[in-house]
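Engineer: Can you keep this structure in mind? I'll have questions shortly.
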Amino acid sequence: MSLVAITNFLTIRTVTGDIQNRFQNGKQDTPITVEGQPFLFLSFLYQGAARNRSGDNMESSLILANNAMGMNHAREAVDNKYHIDVDTFLMNTDFTPNKLLTRETWLAASMAYDPMTVEVLLSSAIDAVGANAPNRVLTTAMVGHLPITGSIQSR
């Protein structure tokens, strides 16, 4: 039987793109370096993407221990609407990153907690209800003549 090691790396960014923290959940004793950047250990579980019932949004979650550290990181991320990049790597036997499996970008949308865990709900960066997508105005030069009303008649 073979053992396959997989590690999640979190890069937590502000709305303006400034990096707040870098965490990984694979190696406790020393940081793991990826592309020259050290990632400190934080005990968390990453539950990957799932589509919601209405199909308009993707969600995932981070599960942390309910302690001062987990609660503070979760609350800061949600209050400041941090963007969270999640990279999942296949690891070598010496626990260095081998191959990037997935790269996902999320928005820290909300949090919930119970006596044991803190859950940060991660939402897709462009949410159909809660966030705004960039507006685009169609012009005649781009698409030709457009109808000026919503009613089209066939004669």
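Engineer: Considering only the stretch 74-107, how many residues are surrounded by fewer than 12 Cβ atoms within 10 Å (Cβ to Cβ) and among the acidic types (Asp, Glu)?
Structural biologist: 2
Engineer: So, in the stretch 98-137, how many residues would count as being more than 17 Å from residue 48 (Cβ to Cβ) and modelled with pLDDT under 90?
Structural biologist: Count: 12.
Engineer: Hey, can you tell me all the residues within the stretch 108-121 that are small (Gly, Ala, Ser) and either open to solvent by 20 Å² or more (accessible area, probe 1.4 Å) or closer than 29 Å to residue 3 by Cα (or both)?
Structural biologist: Scanning the stretch 108-121 gives 109, 110, 112.
Engineer: What's the number of the condition residue 4 fails, among (1) under 17 Å from residue 92 (Cα atoms); (2) open to solvent by 50 Å² or more (accessible area, probe 1.4 Å); (3) at pLDDT 90 or above; (4) of a type in the set (Val, Ile, Thr)?
Structural biologist: Residue 4 satisfies all of (1) under 17 Å from residue 92 (Cα atoms); (2) open to solvent by 50 Å² or more (accessible area, probe 1.4 Å); (3) at pLDDT 90 or above; (4) of a type in the set (Val, Ile, Thr) except (3).
Engineer: Could I ask something else about it? Which residues, counting only those in the stretch 27-42, are open to solvent by 30 Å² or more (accessible area, probe 1.4 Å) and either touching a residue at least 24 places away in the same chain (Cβ under 8 Å) or part of a strand (DSSP E or B) (or both)?
Structural biologist: If the condition is that a residue be open to solvent by 30 Å² or more (accessible area, probe 1.4 Å) and either touching a residue at least 24 places away in the same chain (Cβ under 8 Å) or part of a strand (DSSP E or B) (or both), then 27, 33, 37, 38, 40, 41 are the ones that fit.
The values are calculated or read from the model by the stated rules, or taken from the named source; none is laboratory data. Predicted model, so just to flag it, every value in this text is computed and none were measured. Ideal geometry is used to build each Cβ from the backbone, glycine not excepted, and the neighbour counts take in all protein chains shown. Side chains are part of the model used for accessible areas, which takes the heavy atoms of the whole protein and leaves out ligands, DNA and RNA. Shrake-Rupley method; radii C 1.70, N 1.55, O 1.52, S 1.80 Å.
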